[in-house]
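Student: One structure follows; several queries about it will come next.
The values are calculated or read from the model by the stated rules, or taken from the named source; none is laboratory data. All figures in this text were calculated on a predicted structure; none of them were measured in a lab. Note: ideal-geometry Cβ built from the backbone for every residue, glycine included; neighbour counts use all protein chains shown. Accessible surface is based on the protein model in full, side chains and every heavy atom, while ligands, DNA and RNA are left aside. Shrake-Rupley method; radii C 1.70, N 1.55, O 1.52, S 1.80 Å.
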Amino acid sequence: MFRPSKTLRDFTTTWRVLPISGLAVAIGVVAAYVAVALLKLINFFTNIFFYHRLSIDPASPAGNHLGF
């Protein structure tokens, strides 16, 4: 007789899951801070190049009047 509970053992875990999970959480936290820093850099350079001001406030380049 076929007994799937004896043959399928794909979902067993060991103690090594905890350090791997901790590493995944740490990488996620670092990635979130990097994403926030990149957004602030985008806002900073948008303000410098389109509006000639030193600020990290969000600004859209759609309202500028450069060129024609």
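Student: Six or more apart or on different chains, Cβ atoms under 8 Å: show the pairs whose first residue is in region 30-50 and over 15 Å from LEU66 (Cβ atoms) and whose second is among the aliphatic types (A, V, I, L, M) and surrounded by fewer than 10 Cβ atoms within 10 Å (Cβ to Cβ).
Tutor: PHE44/LEU54
Student: Can you give me the number of residues within region 1-50 that are among the charged types (D, E, K, R) and modelled with pLDDT of 90 or more?
Tutor: 2
Student: Those residues that are part of a loop (DSSP other than H, G, I, E, B) and either open to solvent by 70 Å² or more (accessible area, probe 1.4 Å) or out of contact with any helix residue (DSSP H, G or I) (no Cβ under 9 Å at 6 or more places or on another chain) (or both), I need them from region 40-59; list them, please. Even if it seems obvious, please write down each step before you answer.
Tutor: Pass one, region 40-59, residues part of a loop (DSSP other than H, G, I, E, B): 52-59.
Listed by number, the residues that qualify are HIS52, ARG53, LEU54, ILE56, ASP57, PRO58.
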